[in-house]
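Trainee: I'd like to ask some things about the structure below.
The values are calculated or read from the model by the stated rules, or taken from the named source; none is laboratory data. Note that the structure is a prediction, hence the values are computed from the model and not measured. Cβ: placed from backbone, ideal geometry, glycine included. Neighbour counts: every protein chain shown. The accessibility values were calculated without ligands, DNA or RNA, using every heavy atom of the protein model including side chains. Shrake-Rupley method; radii C 1.70, N 1.55, O 1.52, S 1.80 Å.
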Amino acid sequence: MTFETWLRADRLPHIWCSGCSNGTILNCTLTAVDDLGLDPDRTVFVGGIGCSSRSVGYVATDSLHTTHGRALAFATGVKLADPTLNVLVFTGDGDLAAIGGNHFIHSCRRNIDLTVVCMNNLIYGMTGGQGSPTTPPGALSTTTPYGASEPAFDLAQLAVAAGANYVARWTSYHVRELERAIRAGIETPGLSFIEVRASCPTNYGRRNRLRDVTDQIEIFRTRSMLKAKYDRLVAAGSPVPPDAIVVGEFVRRANPVMGVPP
Amino acid sequence: MKLVIDEERCKGCNLCTMVCPYRIFRPGTRANRKGILVPELDRPERCTNCRLNRLYGRTLCGICQLTCPDQAISWVDEKPYEPVRMEVEY
Amino acid sequence: MTRLDFMQGNVASAEGAIAAGCRFFGGYPITPSTEIAERMAARLPRVGGTFIQMEDEIASIAAVIGASWTGMKAMTATSGPGFSLMLENLGFAVMTETPLVVVDIQRGGPSTGQPTMSSQGDMLQCRYGSHGDIATIALAPASVQEMYDLTVKAFNLAERFRCPAFVMADEIVGHMRERIEIPGSVEVAKRRPLEPGRLPFAAGPDLVPGFPSFGRGYRVHVTGLTHDERGYPATNDEAVHAALVERLVTKVESSRREIADYEVMNPDADVVIVCYGAPARTVLQLAAEQAGPPVGVLRFRVVWPFPEHALGEFPNAEAFIVPEQNMGQLAREIERHTSLPVVPVPKLGGDLHTPGELARVVEEVRRR
């Protein structure tokens with residue numbers, strides 16, 4: 001495996017806590033771009049602000065570490081100005097769904113040819129564990145000390161509804177499937193959105209009885225349900241476990257796109 | 001090939017102990033210079049990639065490396081096996 | 001070959017941008033700047049450029065910065081409320097040394113204010129609006145011709161100093177229709193690429209590093225965090241932060257004489273009217289028609305970095321009169337640089353000063 005060659009070795013070890021999934025997702029993404037044989041000189045990684053977005057600084061390509069929530073808008077500029085570049089975006093749930101929600105739905109609507117990898121750890125990790133738009137109801141965080149009272153966003157469904165050409169969700173436990181999904185995302189013209197459920201032992205797990213690094217990964221392993229099975233259950237009217245993480249490919253379509261070379 | 005853990009990068013999360021199908025990684029017991037309990041290797045020669053990488057010419061399995069959030073797991077080349085001729089005198 | 005035309009200020013600005021080599025426009029509709037976006041939407045596809053209407057001004061400036069990093073000349077146009085939204089990413093552009101041009105057709109503020117009326121209320125916002133210490137370049141056109149010329153100049157300055165350059169026009173100049181001479185060709189600055197072997201954010205004696213465009217193999221990391229010369233974050237290093245911010249400010253401020261562009265009339269006058277933008281039109285008329293001792297005129301085409309040496313062009317000056325369509329934003333800056341009395345003549349509401357109003361102020365100042 002040669003994702004190592006895509007890393008800025010002089011910047012490692014990275015800033016993430018022990019057991020943080022971001023490193024795993026970075027490995028999978030870089031393996032995907034390497035397997036596809038992308039040219040590092042013609043590939044740009046764009047990130048916003050947050051733990052997830054720091055990923056771009058560890059990739060040995062041109063990389064743009066931008067302002068909070070705006071990664072997709074910056075990436076749109078890069079891709080439209082030079083459609084021959086491969087542009088990938090690292091973002092997180094707070095960055096993408098809260099402050100950057102508008103840019104997210106509009107990028108999906110435009111179907112601009114970007115690959116967006118969202119590390120969804122259900123929390124604002126970098127600022128110390130505040131509730132985010134994906135924090136599940138009842139979960140504890142520093143700003144939801146009595147349990148989150150707001151419903152959470154389903155990011156994958158949001159991307160499907162907004163018009164993205166490729167949408168998948170996996171977890172950081174499913175490394176092979178994730179790598180394949182990112183590969184499929186890069187190969188699909190138009191906006192590809194890969195939501196990755198990520199663990200945050202330090203700021204999410206610690207407050208939600210998932211203190212051990214492996215606790216959240218164990219949840220990913222045991223509670224994930226393939227989209228096909230989920231659809232089958234729903235169609236049959238059978239009960240679906242409320243804490244099931246639906247994983248798999250949500251959509252792959254060929255709607256008109258923006259930002260591909262003529 | 002030889003399986004190695006980069007102690008400079010490892011942060012001791014023990015995810016490798018969870019994902020290796022051969023249970024080659026064991027939770028570490030001794031703190032290193034940075035105070036991190038780096039996992040220990042239990043008979044790493046059992047690793048598929050160590051044994052068969054040369055034969056197939058590509059990385060096999062590799063789940064531990066892909067999962068390791070700290071990019072600390074890799075395989076390094078070993079000195080190739082050299083047959084030694086031994087003469088036994090009766 | 002020079003071509004005569006009759007066009008609107010906003011359209012002239014768009015034409016100037018295309019002549020200067022701008023090939024990317026990201027924008028969002030806002031009165032009174034929208035004609036620039038409309039003209040760019042029509043013109044850019046015909047010259048191989050890209051126009052995109054983004055979902056808001058935050059995204060517009062973000063897309064412009066992204067496009068600029070591919071090596072393309074890029075711009076956006078807006079007015080006060082949109083300019084306020086852009087400030088965060090304008091700080092990012094300063095920090096990452098991204099050349100770009102923003103045309104701000106100012107309207108009455110604060111808030112939504114007077115969408116269709118003229119103002120010069122953003123003059124301090126464009127200089128001091130971002131958090132942290134920044135230095136920017138701002139030009140102030142007073143005619144349709146200058147909308148064209150100064151947009152070209154803004155691109156050249158942005159490329160030369162690797163920072164945002166603002167064309168701080170106003171609703172009057174933006175919507176005015178005038179005769180304009182469009183030159184056959186204009187002088188266009190090229191972006192200096194990063195020299196091979198140099199660190200991407202290591203500057204030479206001119207304090208401006210070469211530009212490592214994306215996709216050319218530089219593999220540069222660009223971040224809004226405090227970064228070292230490699231571009232890597234160094235957020236806890238006091239010396240790195242101090243050196244970086246000092247350089248970002250000094251590279252522009254130390255070149256104020258080179259950037260300066262102003263017009264001087266009647267340098268022997270005792271009373272000098274300092275002006276820029278649309279109010280300058282009243283001042284020039286007053287200076288041309290006024291009976292009695294001549295009044296001095298100092299008209300800035302470049303407002304930031306403030307060319308304070310220009311005040312010295314009037315050795316006999318006893319007072320500076322500063323008519324502005326705001327409550328004295330530049331007057332305050334002039335006060336910092338002179339011991340002579342500075343008399344602001346604020347005018348709010350959108351109308352220009354009349355020559356009579358200014359003549360009365362001149363008389364009053366002379367009586368003192």
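Trainee: Would you mind working out the magnitude of the charge dipole of region B:2-76 relative to its Cα centre, with +1 at each Lys and Arg C-beta and -1 at each Asp and Glu C-beta, to the nearest 20 Debye?
Mentor: Details: 13 positive and 7 negative charges, 32 e Å.
Roughly 160 debye for region B:2-76.
Trainee: Same structure, new question: Could you tell me which residue out of C:Ala169, C:Ser130, C:Val101 lies farthest along the dipole of region C:1-259 toward its positive end? Charges go on the beta carbon: Lys and Arg +1, Asp and Glu -1, centred on the Cα centre.
Mentor: Among C:Ala169, C:Ser130, C:Val101, the one farthest towards the positive end of the dipole of region C:1-259 is C:Val101.
Trainee: Separation between the A:Gln130 and A:Arg253 pseudo-spin-labels, each 7 Å from Cα along Cα→Cβ, expressed in nm?
Mentor: Spacing of the two 7 Å Cα→Cβ label points: 3.5 nm.
Trainee: Using a simple charge model, +1 on the beta-carbon of Lys and Arg, -1 on the beta-carbon of Asp and Glu, nothing else, what dipole does the protein assembly as shown show about its Cα centre, in debye to the nearest 20?
Mentor: So the magnitude is around 2140 debye.
Trainee: At what distance in nm do the modelled label points of A:Asn102 and B:Arg85 sit from each other, each positioned 7 Å from its Cα along Cα→Cβ?
Mentor: Distance between the two pseudo-spin positions: 8.1 nm.
Trainee: Let me ask you something else. Could you pull out which residues in region C:323-354 have an amide N less than 18 Å from a spot 7 Å beyond the Cα of C:Leu124, following the Cα-Cβ vector?
Mentor: C:323-338, C:342-349
Trainee: Quote the accessible area belonging to B:Cys20 in square angstrom, nearest 10, computed with a 1.4 Å probe and with ligands, DNA and RNA left uncounted.
Mentor: Spelled out: B:Cys20, probe radius 1.4 Å, area about 10 Å².
Trainee: Name all residues of region A:39-70 having a backbone nitrogen under 18 Å from the label point set 7 Å from the Cα of B:Glu8 along its Cα→Cβ direction, giving them as ranges.
Mentor: Only A:58-60 fall inside the zone, counting backbone N under 18 Å.
Trainee: Based on Cβ point charges of +1 for Lys and Arg and -1 for Asp and Glu, what charge dipole magnitude is obtained for region A:66-223 about its Cα centre, in debye rounded to the nearest 20?
Mentor: Charge dipole of region A:66-223: 160 debye, to the nearest 20.
Trainee: Right, here's the next one. Return the FRET efficiency for the residue pair C:Arg360, A:Thr2: r is the Cβ-Cβ distance, R0 is 45 Å, and the value is rounded to the nearest 0.05.
Mentor: Values: r = 78 Å, r/R0 = 1.74.
For R0 = 45 Å, the calculated efficiency reads 0.05.
Trainee: Go through C:Glu289, C:Glu238, B:Glu40 and list them by solvent-accessible area, largest first, probe radius 1.4 Å.
Mentor: Working: C:Glu289 125, C:Glu238 155, B:Glu40 65 Å².
Ranking C:Glu289, C:Glu238, B:Glu40 by accessible area, largest first, yields C:Glu238, C:Glu289, B:Glu40.
Trainee: Still on this structure, I have one more. If B:Lys2, C:Lys347 are ordered by their accessible area, calculated over protein heavy atoms with a 1.4 Å probe, which sequence runs from highest to lowest?
Mentor: Working: B:Lys2 100, C:Lys347 45 Å².
So, going from the largest accessible area down, we get B:Lys2, C:Lys347.
Trainee: In whole Hz, what ³J(HN,Hα) sequence does region B:30-35 give by Karplus (6.51, -1.76, 1.60; θ = phi - 60°), x for Gly and Pro?
Mentor: Result, rounded to whole Hz: 10, 6, 8, 4, 8, x.
Trainee: Continuing with this model, one more query. Kindly provide the Kirkwood hydrodynamic radius of region C:263-367 in Å, to one decimal, from all pairs of distinct alpha carbon atoms.
Mentor: 13.4
Trainee: Residue by residue, what Karplus-based ³J(HN,Hα) values in Hz, rounded to whole numbers, does region C:3-11 have, using 6.51, -1.76 and 1.60 with θ = phi - 60° and x for Gly and Pro?
Mentor: 10, 8, 8, 10, 8, 7, x, 4, 5
Trainee: Could you tell me the calculated FRET efficiency between C:Arg336 and A:Val260, based on Cβ-Cβ distance and R0 = 41 angstrom, to the nearest 0.05? Numbers along the way, then the final one.
Mentor: Details: r = 53 Å, r/R0 = 1.28.
That gives a FRET efficiency of 0.20.
Trainee: Which FRET efficiency value, to the nearest 0.05, do you get for B:Arg33 and A:His68 by plugging their Cβ-Cβ distance into 1/(1 + (r/R0)^6) with R0 = 30 Å? Provide the component values of the computation, followed by the final result.
Mentor: Details: r = 36 Å, r/R0 = 1.20.
Once rounded, the FRET efficiency stands at 0.25.
Trainee: Something else now. Could you tell me the total accessible area buried at the A-C interface, probe 1.4 Å, in square angstrom to the nearest hundred? The partial results should precede the final answer.
Mentor: Working: alone 11540 and 15060 Å², together 23790 Å².
Chain pair A/C: roughly 2800 Å² of buried accessible area.
Trainee: Under a 5 Å amide H to amide H cut-off, with H placed in plane at 1.01 Å, what residues pair with C:Asn326 once short-range neighbours are removed?
Mentor: Correct list: C:Gln120, C:Lys347.
Trainee: Could you give the semi-axes, largest first, of the ellipsoid that matches the protein assembly as shown, computed as the square roots of 5 times the alpha carbon gyration tensor eigenvalues and rounded to whole Å?
Mentor: Values: eigenvalues 659, 139, 108 Å².
Semi-axis lengths for the protein assembly as shown are 57, 26, 23 Å.
Trainee: Follow-up. Could you tell me which of B:Cys61, A:Val46, A:Tyr124 has its Cα farthest along the dipole of the protein assembly as shown towards the positive end, charges placed at Cβ (Lys, Arg +1; Asp, Glu -1), taken about the Cα centre?
Mentor: So the residue we want is B:Cys61.
Trainee: Separate question: Tell me, how many Å apart are the Cα centres for region C:202-275 and for region C:142-198?
Mentor: That distance is 18 Å.
Trainee: Further question on the same structure: So which of C:Lys73/C:Lys190; B:Lys11/B:Lys79; B:Lys11/B:Lys34 end up more than 19 Å apart by C-alpha? Mind showing how you got there, number by number?
Mentor: Details: C:Lys73/C:Lys190 10 Å; B:Lys11/B:Lys79 29 Å; B:Lys11/B:Lys34 9 Å.
From the list (C:Lys73/C:Lys190; B:Lys11/B:Lys79; B:Lys11/B:Lys34), the Cα-Cα distance tops 19 Å for B:Lys11/B:Lys79.
Trainee: Which helices pass in chain A if a helix is a full DSSP H run, must span at least 27 angstrom along its long axis by Cα, and must have mean Kyte-Doolittle hydropathy not below 0.0? Please report the intermediate quantities before stating the final value.
Mentor: On the way: long enough: none.
Length and hydropathy pass: none found.
Trainee: If I build a Gaussian network model for chain B, linking alpha-carbon pairs within less than 10 angstrom, which residue out of B:Ile73, B:Ile36, B:Ile24 has the largest mean-square fluctuation?
Mentor: B:Ile36
Trainee: So, one more: Considering only C-alpha atoms, what is the centroid distance from region A:6-43 to region A:132-174, in Å?
Mentor: 24
Trainee: Considering region C:1-259, what Rg and Dmax in Å follow from its alpha-carbon atoms?
Mentor: Using the Cα atoms of region C:1-259, the pair Rg, Dmax is 17.7, 57 Å.
Trainee: Determine the calculated [θ] at 222 nm for the protein assembly as shown from helices alone, applying -39500 (n - 2.57) to every DSSP H run no shorter than 4 residues and normalising by the residue count; nearest 500 deg cm²/dmol. Mind showing how you got there, number by number?
Mentor: Details: 22 runs with 227 residues, N = 720.
Per the formula, -9500 deg cm²/dmol.
Trainee: First check a/c for region C:1-91, with a ≥ b ≥ c the square roots of the eigenvalues of its C-alpha gyration tensor; if it is under 1.5, answer rounded, and if not, answer prolate when a/b is larger than b/c or oblate otherwise.
Mentor: Because a/c hits 1.5 or more and a/b fails to exceed b/c, region C:1-91 counts as oblate.
Trainee: Something else: Quick one: Debye curve from the C-alpha atoms of region A:162-219, no solvent, what's log10 I(q)/I(0) at q = 0.20 Å⁻¹?
Mentor: Here log10 of I(q) over I(0) equals -0.73.
Trainee: Name the residue from C:Gly349, C:Val274, C:Pro315 whose Cα lies farthest towards the positive end of the charge dipole of region C:263-367, charges +1 on Cβ of Lys and Arg and -1 on Cβ of Asp and Glu.
Mentor: C:Gly349
Trainee: Run the accessible area of region C:263-367 with a 1.4 Å probe and give the carbon-and-sulfur part as a rounded percent.
Mentor: Details: 2100 of 4270 Å².
That fraction is 49 percent.
Trainee: Under a 1.4 angstrom probe, counting protein chains only, how are C:Asp5, A:Asp39 ranked by accessible area, largest first? Don't jump to the answer; show the numbers that get you there.
Mentor: Values: C:Asp5 45, A:Asp39 70 Å².
My answer, sorted largest first, is A:Asp39, C:Asp5.
Trainee: Quick one: 3J(HN,Hα) in Hz for region C:229-234, Karplus 6.51/-1.76/1.60 with θ = phi - 60°, rounded, Gly and Pro as x.
Mentor: Rounded to whole hertz, the list is 5, 7, x, 7, x, 9.
Trainee: Taking the Cα atoms only, what angle lies between the long axis of helix C:238-253 and the longest principal axis of chain C, rounded to 10 degrees?
Mentor: 50
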